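Working notes for the structure below.
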Amino acid sequence: MERKTEEEKEFRSGYVSIIGRPNVGKSTLLNAILGEKIAIVTPKPQTTRNKIIGIHNLPYSQIIFIDTPGIHKPKHRLGEAMIKTAREALSEVDLILFMVEAQRPREAERIVLDLIRKVRMPVFLIMNKIDTRKKPEILPVIEEYQRLYPFREIIPVSALKQNGLPLLIAKIYEYLPPGPKYYPDELITDQIERFMASEIIREKIMMMTKEELPHSVAVEVLKWNQRTDGILAISCNIYIEREGQKAIIIGKGGSMLKAIGTSARIEIEKLLNTKVFLETWVKVKKGWRDDVRLLQELGYR
C-alpha cells in the first residue's frame, strides 16, 4: 500500500498534554518540537509553573501541546496551584505524553501513573535522555513500565539532541481526530508577551544564582509602555521571601541584578524583535507562595 503524501493526508488536530515529574525534560521537548523557545528551561526542578501551550503546525495537522508543571507533593499554595494546573490539563486533551527518564520508576512516577489511570485518553510513554544510557540498560526499564500501565506507544527520545522526534510526531498524528485549525499558522504559542518576558527574567535569575536561591522567586510586570523613540520600556518587580535572598539577587554593588537584567533584555529583544529598556526592582514579600491574592495577580489559580 502506497504511503500518502502530506497533501493527501487527512487533516487532523488536537490537544496533547506533556506530563511527568519535575525536571524530566518536558519544556526541552516542547521547545525542540517547535524549534522555538517558549518555555523556560533550567536544571532545577519545578521550573514550569503555568500551563504553557505550544502550537506545532504541519501541512496535514495542527498539534497543540500543553506543557504542564511537574507533578510533585506541594508544600505551599503555589505548589497546590501548579498541581491543579497539571491535573486539569489531563481532562482537556486528546492524548497524553507521560515523560520519564530512562531509569526504573520511582514514587514520583507512580504518583503520575495514579493520575493517568483516572482518565480515558490514550497515553504514550516518552522515555527521555536515552543518550545517557546504553540500550541493554533501557530495555528492562521499558518492560517494567509496560507492567505498570498499558501504554498505547512507547517512544524513546533525547529531547536535548532531538533524537526520536520525527517518530513521535508521526505517532501523535495517528491518534489525533480529524479536525480544523484552531490557531493561525504563524502562531506558535498562546502566551502573551508580558508573561513570556517575566518568564525569561525568572529563568535568568534561576540560572545565574545557581544553587544559592531556591524557587521562592516570582516576577511581576508592572509597566509595559512603547516610548516615542520606539523603545519598549518594561518595569518589573522581583519577589523573594527573605532579605538574604534579596542580597543574592542584587549582588555586590548591584552586579548580579545588572547581569540578570542584561541577559534577560537581550533575549526579550530577540523574542519581540524590538529594542527594550528593562527596569527591575527586588522586593521582599515573606510567604508570597501562600499569599492567595498575590498568586492570583501573578496568574496562578
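The values are calculated or read from the model by the stated rules, or taken from the named source; none is laboratory data. Since the structure is predicted, the reported quantities are computational estimates derived from the model, not experimental observations. Cβ coordinates were reconstructed from backbone atoms using ideal geometry, including for glycine residues, and neighbour counts include every protein chain displayed.
Taken together, ARG87, ARG117 contain a single residue that is in the same structural domain as LYS26 (by TED's automatic domain parsing) and either at pLDDT 95 or above or farther than 26 Å from ILE33 by Cβ (or both), which is ARG117. Counting residues in segment 189-197 that are crowded, with 20+ Cβ neighbours inside 10 Å and touching a Lys or Arg at 6+ places or on another chain (Cβ under 7 Å) gives zero. Listed by position, the strands (runs of 3 or more DSSP E) inside segment 92-179 whose residues that are closer than 13 Å to VAL24 by Cα and not acidic (Asp, Glu) number at least 2 are 95-101, 123-128. Just one of (1) touching a Lys or Arg at 6+ places or on another chain (Cβ under 8 Å); (2) among the small types (Gly, Ala, Ser); (3) not assigned by TED's automatic domain parsing to the domain that holds ALA32 fails for SER158. It is (3).
Residues in segment 24-59 that are modelled with pLDDT of 80 or more, outside any helix (DSSP H, G or I) and under 10 Å from the mean Cα position of the chain (by Cα): GLY25, GLY54.
For ILE138, the test of being β-branched (Val, Ile, Thr), touching a residue at least 40 places away in the same chain (Cβ under 8 Å) and surrounded by 14 or more Cβ atoms within 10 Å (Cβ to Cβ) is failed. The lone criterion from (1) over 28 Å from ASN31 (Cβ atoms); (2) in contact with a strand residue (DSSP E or B) (Cβ under 9 Å, 6 or more places away or on another chain) left unmet by ASN237 is number (1).
Checked against the criterion of being closer than 23 Å to LYS286 by Cβ and either without any contact (Cβ under 8 Å) to a residue 40 or more places away in the chain or acidic (Asp, Glu) (or both), the candidates ILE266, ILE260, ILE205, ILE250 yield just one match: ILE250.
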